[in-house]
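Bear in mind these aren't lab numbers, they're just calculated from the coordinates by the rules spelled out. Quantities reported herein were computed from a predicted structural model and do not represent experimental measurements. Virtual Cβ from ideal backbone geometry, glycine too; neighbours counted across all protein chains shown.
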Amino acid sequence: MNMQDRPFVFIGNNVAVDFINTEIVSHGDLIDLLRDGADLVRWAQGASLSIQSPLRPTDFKKALGLRAVLKTLYAAMIDKLPAPPEALTALNQHLSRHCSREVLRFNKRESGYTLEPTQGPLSMPVLLAHLAYEGAKLLASPQATRLKHCGNPDCVLIFLDTSRSQKRRWCSMETCGNRAKVATHYRNSLSQGKG
Ligand SMILES: [Zn+2]
């Protein structure tokens with residue numbers, strides 16, 4: 001498959017987790033799906049966020065920096081390790097720029113208020129602050145214990161297990177889950193052959 005066509009993965013059940021998952025492993029190689037600002041704009045569209053484009057190269061670099069910080073904190077969370085202080089400081093810098101992406105509207109017909117997403121594309125600092133906020137909110141919530149690495153040791157993807165049984169093991173059944181199923185099947189058929 002051409003690099004150009006490689007789709008983003010939205011399997012994390014959380015926008016910050018999906019952002020972290022823009023680095024994938026394919027055939028043993030770590031591949032960064034965010035090669036430039038245009039990729040980031042495409043990713044944001046896929047995540048139902050629209051950002052002002054084109055991006056400045058410095059903004060793109062900041063986005064990669066935030067992704068690395070989130071990845072560090074999430075990996076520590078999943079591995080039950082304390083937060084690396086530098087990553088925490090860096091995330092808090094993004095958080096300090098957080099402002100609401102919602103506006104309060106009064107609905108005359110229902111005579112009540114609704115919070116609605118801001119219309120129009122987001123500026124890059126607002127997008128990054130939003131991702132930092134969503135990432136921080138999840139880390140601080142009871143749901144954080146449901147964060148998992150994909151069960152395939154060769155895969156780098158993480159996800160929030162929102163299944164009722166909390167037994168989700170794979171980033172996706174179609175890829176890593178299916179690979180494991182095929183491997184088990186192969187092993188079983190080998191042992192049956194021997195017996
Ligand atoms: Zn996987």
Label PHE10 and SER141 with points 7 Å out from Cα along Cα→Cβ: what is the distance between them in nm?
1.7 nm
Two-decimal Rg/Rh across region 152-195, once Rg and the Kirkwood Rh are taken from alpha-carbon atoms:
1.12
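Send over the Kirkwood Rh of the chain, from the inverse of the averaged 1/r over different Cα pairs, rounded to one decimal Å.
Working: mean 1/r = 0.0535 Å⁻¹.
For the chain, inverting the mean 1/r across all distinct Cα pairs yields 18.7 Å.
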Largest first and to the nearest Å, give the Cα extent of region 20-85 along each principal axis.
38, 32, 22
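Ranked from highest to lowest mean number of other Cβ atoms within 10 Å per residue, what is the order of the peptides 105-114, 126-135, 149-158? Don't jump to the answer; show the numbers that get you there.
Details: 105-114: 8.7, 126-135: 22.3, 149-158: 16.9.
Highest to lowest by the protection proxy: 126-135, 149-158, 105-114.
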Using a 4.7 Å Cβ cut-off, which Cys residues in the chain lack a partner cysteine?
CYS99, CYS176
Once you have the Kirkwood Rh of region 94-195 from its Cα pairs, apply Stokes-Einstein at 37 °C and 0.692 mPa s and quote D in µm²/s.
183 µm²/s
